[in-house]
Every structure is written in C-alpha cells, then in structure tokens.
Amino acid sequence: VISYSRRIDALCKKGQISEAMKMFREMEEKGSPPDSYTYNILINGLCKDAQLEMGVSLMDEMQARGFSPTVITYTTLIHGFCTAGRIDAAMDVLDEMKRRGIAPNTVTYTALIQGLCERGEVETAVQVLKEMKLRGNECRPNVVTYTQLIHGLCQKGLLEMGIEFLDEMIISGCFPNNATYTALIHGLCQQGRFTEAAVLVNEMVAIGCELDVVIYNSLIDGLCKMGELDFAREMQTLMVEKGMAPDVFTYTSLIQGLCDAGLLDEALGLMQEMRGKGIVPNSVTYTTLINGFTQADRTEHALQLLNEMKSKGLIPA
RNA sequence: CGCAAAGUAUG
C-alpha cells in the first residue's frame, strides 16, 4: 500500500492525475486496497488539478469505506477551495470538519488565510490570525502562517501592514525566515522602495538569515524595474562574490530590464552569457525577449526567437 | 519520518 501510495503521489505531483487515478483503481485488483493516506494523496492531486468536486466525492467514498476523513483530508480540500477562490466552499468544509469533531490546526487556518488574502478579504484574514492566537496549541500561528499573511498583504500593496506583522511575529517569538523577508523585500522593490528593502536585508542578516538567490533576485528585479540596470548588474556581481549562483530568474529579470530600456541587443547578449554559464533559457526568458522585440517593431527577430523556442520544445509562456 | 499550508522572472 505504501509503495502504491508513493507512486500515486509522485504521479499527482507531476500532474499525471489520470494515471494516478488508474493506479488507484488498480490497487483493488492487486489486493492492496487504498487506505486513508492513499485517499488523501489522491484528493490532494485532484485539488491541485482544480477538480474540487471530484475531491469531495472521493472523500465521500473514503468515508463509505470506513476511513474517517482526517484533519489532513479536510485541510487539503480547504486549501483547494481557497486556491480556486471559493472561500465560501472552504468555509463549508471548515464547518463540516468542526461538526464532525475534527479540530482545525495551524495548517488549516493558514490555508484559509491564503485564500482570504487573495480574495482581498484582508481584514478577515487578520481576524483568523487573532483567532489562532486565542486558540493556541494546535492552532498557534507559526512562521508559515505569518509569512502567508505578510505575503498576502504585500501582494495587495499593504506593505506597512506587512511590516507591522513582521514586528508582531518577532515579538511573539516566531522567527522570520528567508520566505518572510522575501515577501516584504519583493513588495518594497516592486514599489521602487529599494532603500527600505535594503534596510530589511540588513535586518535579516543581523538576525542570522543568509541571503539566498531568491533574495538577490528580488533585489535585482526591483532595480531592473526601476531602470537601475547598472546597480542591478552590481548586485549580480555581489551575489557571485558571496558564492551565490545567478539562475534563470536572475537573467530573465536583467533581460527584461534591458528590453524595457530598449537595449535589445544587450538583452540577446545576456542570453548568450547565461548559456555560457550553463543556465538554460526557459519559456519565460524567451517570452520576455520576444515581447521586447515585438514592442520595438523588430518583428522578424521576434519570430526568429519564437521558432528557436519551439525548436527547443518550449511552449510560449 | 508513505498524505495537507508560505518567498523571486514574462504574459
């Protein structure tokens, strides 16, 4: 059962849902019927594939078979509905799990916060966090909870509020990590508030976080979007000096910056440079360049890049 | 530790 479940999980995570379903049904015949783990795995796969109703009927099926849905089953569905923007349906699932005596935990509420933020229901998300703190124990907010909330706030442009929650989490003894700081640094950079982003960079180093490639990429992207291409390149040099390898995100940001500045041939040069470092341009990189050339009315070059992309088996992003 | 939640590039 375990090896079947592992294989089904792997298929789901590769997006091969129908293959996963087939294997799931096959388990019966081979005499090792699915258990509640297997059901949860497949329900998660269905949710990630936006097949929410199918996920719900699978939960009904597991119940009919005598496996009670667990907190993981319900949380998986809540996360699925939240990701689909169906907060009301997520709330229904939450009510049902409570009715059945299954206690929501930190993960459950964190999924809910994500959905609420994406729907712009920021105040409700903050309320959920408060409730988590009141309940404590299994519901106590952790670094993921705070990061999720901060990320959601930053995406809505509510940076000041995000910074307040950064302070709050530290005060409550929950240590921010790179994901937490990335949410804020990225948000600040997107608004051109590079100086404030740099302050947070210093802060994170001071508390013992290592600057990773994602942080550097966020800073480089911000500088590019501000038109500060020289500073962006300096930042790239700095990251290399610190032992961090630029990746396809780094280069695509730089290429975008050059395209925006009308420096298309320089942008092509960067694609060569990245290739020279063994970094393979992906469909986003190509799309960035193609759009740049198109907007500059260098359509022939854009088409050439499009063909090159297709010849490498890449689908336009 | 067979299963659920968080950070960066184009559109």
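The values are calculated or read from the model by the stated rules, or taken from the named source; none is laboratory data. Keep in mind the model is a prediction, meaning the values are calculated, not measured. Glycine also receives a Cβ, built like all others from the backbone with ideal geometry; neighbour counts cover every protein chain displayed.
Side notes on the structure shown:
- Filter pass, A:Leu258 being under 30 Å from A:Phe175 (Cα atoms), crowded, with 22+ Cβ neighbours inside 10 Å and more than 11 Å from RNA strand B (Cβ to nearest atom): no
- For region A:299-309, the count of residues that are more than 15 Å from A:Pro246 (Cβ to Cβ), within 12 Å of RNA strand B (Cβ to nearest atom) and touching an Asp or Glu at 6+ places or on another chain (Cβ under 9 Å) is zero.
- Some residue of region A:92-102 being under 28 Å from A:Lys225 (Cβ atoms), within 15 Å of RNA strand B (Cβ to nearest atom), in a loop (DSSP other than H, G, I, E, B) and touching a residue at least 12 places away in the same chain (Cβ under 8 Å): no
- Of all residues in region A:15-34 being over 21 Å from the mean Cα position of the chain (by Cα) and buried (at least 17 other Cβ atoms within 10 Å of the Cβ), the one that is nearest to A:Val71 (Cα to Cα): A:Pro34
- Taking the criterion of being aliphatic (A, V, I, L, M), surrounded by 17 or more Cβ atoms within 10 Å (Cβ to Cβ) and not in a loop (DSSP other than H, G, I, E, B), the residues of region A:180-212 that qualify are A:Ala183, A:Leu184, A:Ile185, A:Leu188, A:Ala197, A:Leu200, A:Val201, A:Met204.
- Verdict on A:Leu211 being of a type outside the set (Phe, Trp, Tyr), in contact with a Lys or Arg (Cβ under 8 Å, 6 or more places away or on another chain) and either free of Cβ contacts under 8 Å to residues at least 24 places away in the same chain or within 13 Å of RNA strand B (Cβ to nearest atom) (or both): yes
- Residue pairs meeting the criteria (Cβ under 7 Å; at least 6 apart or on separate chains; first in contact (Cβ under 8 Å) with a residue 12 or more places away in the chain, in region A:273-286; second charged (D, E, K, R) and not in a helix (DSSP H, G or I)): A:Ile279/A:Asp247
- Scanning region A:77-86 for residues that are assigned to a helix (DSSP H, G or I) and either surrounded by fewer than 19 Cβ atoms within 10 Å (Cβ to Cβ) or of a type in the set (Ser, Thr, Tyr) (or both) yields a total of 1.
- In region A:227-267, residue farthest from A:Ile279 (Cα to Cα) [restricted to those that are under 24 Å from the mean Cα position of the chain (by Cα) and part of a loop (DSSP other than H, G, I, E, B)]: A:Met244
- From the options A:Gln127, A:Gln148, residue that is within 11 Å of RNA strand B (Cβ to nearest atom) and either in a helix (DSSP H, G or I) or at pLDDT below 95 (or both): A:Gln148
- Looking across region A:268-289, the residues that are in a helix (DSSP H, G or I) and within 8 Å of RNA strand B (Cβ to nearest atom) come down to A:Ser283, A:Val284, A:Thr285, A:Thr287, A:Thr288.
- Residues considered: A:Arg135, A:Arg119. Of these, the only one that is more than 11 Å from RNA strand B (Cβ to nearest atom), closer than 23 Å to A:Leu94 by Cβ, under 20 Å from the mean Cα position of the chain (by Cα) and not polar (S, T, N, Q) is A:Arg119.
- Residue match in region A:155-169 (condition: closer than 19 Å to A:Leu211 by Cβ, touching a Gly at 6+ places or on another chain (Cβ under 9 Å) and part of a helix (DSSP H, G or I)): no
- Within region A:59-71, if we keep just the residues that are under 24 Å from A:Gln114 (Cα atoms) and surrounded by 19 or more Cβ atoms within 10 Å (Cβ to Cβ), the residue that is nearest to RNA strand B (Cβ to nearest atom) turns out to be A:Pro69.
- Flag if A:Asp9 is within 22 Å of A:Cys82 (Cβ to Cβ) and in contact (Cβ under 8 Å) with a residue 12 or more places away in the chain: yes
- Residues satisfying the criterion are present in region A:212-233 (criterion: more than 14 Å from A:Phe194 (Cβ to Cβ) and of a type in the set (Asp, Glu)).
- For region A:72-89, the tally of residues that are over 18 Å from A:Pro34 (Cα atoms) and either within 7 Å of RNA strand B (Cβ to nearest atom) or among the basic types (Lys, Arg) (or both) stands at 3.
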